[in-house]
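K.L.:
What follows is a structure written as structure tokens; I'll ask about it next.
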Amino acid sequence: MTFRGNTKTTPERAHDFALLRAAEIALSNKCTHFAVISAIAGDNGTAGMMINSSFIAKKKPEVSLSVRIYPAKPAGDSLEAAYVRKSIRAKYQMPE
């Protein structure tokens with residue numbers, strides 16, 4: 001899955017929202033855990049504006065995750081989907 005932010009999105013927020021989406025997908029598939037198999041962070045372009053004859057550019061962060069979802073806690077590293085969802089929603093003061 002990929003989260004693409006805008007010029008006001010921080011890289012940290014883009015990463016958090018990609019994890020939130022992974023948690024929501026796991027939960028919607030009745031899975032309790034997920035593992036991030038790979039992650040790629042970068043930007044999806046640049047936007048900018050002219051201020052006092054100067055071009056001010058800001059990057060738009062992008063995070064792509066490959067995840068594996070599990071119906072129960074697997075052996076090895078994984079994240080608990082409900083905890084990830086609750087923590088990130090609380091961090092950004094999003095309603096449950």
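What follows draws every value from the coordinates through simple rules; no lab data is involved. As the structure is a prediction and not an experimental result, all values here were calculated from the model. Virtual Cβ from ideal backbone geometry, glycine too; neighbours counted across all protein chains shown.
K.L.:
What number comes out for the charge environment of R89, summing +1 per Lys or Arg and -1 per Asp or Glu over other residues with Cβ under 15 Å away?
P.N.:
Value of the local net charge: +1.
K.L.:
I need the calculated FRET efficiency for the pair K8 and E96, taking r as the beta carbon distance and R₀ as 25 Å, to the nearest 0.05.
P.N.:
E between K8 and E96, to the nearest 0.05, is 0.55.
K.L.:
What whole-number volume per residue, in cubic angstrom, does the convex hull of the C-alpha atoms of the chain give?
P.N.:
That works out to 96 Å³ per residue.
K.L.:
For the modelled label position 7 Å from the Cα of S87 along Cα-to-Cβ, which residues of segment 22-36 have backbone nitrogen atoms closer than 18 Å?
P.N.:
22-27, 32-36
K.L.:
Here is a follow-up. Going by alpha carbons, how many degrees (0 to 90, nearest 10) lie between the helix axis of 81-91 and the longest principal axis of the chain?
P.N.:
40
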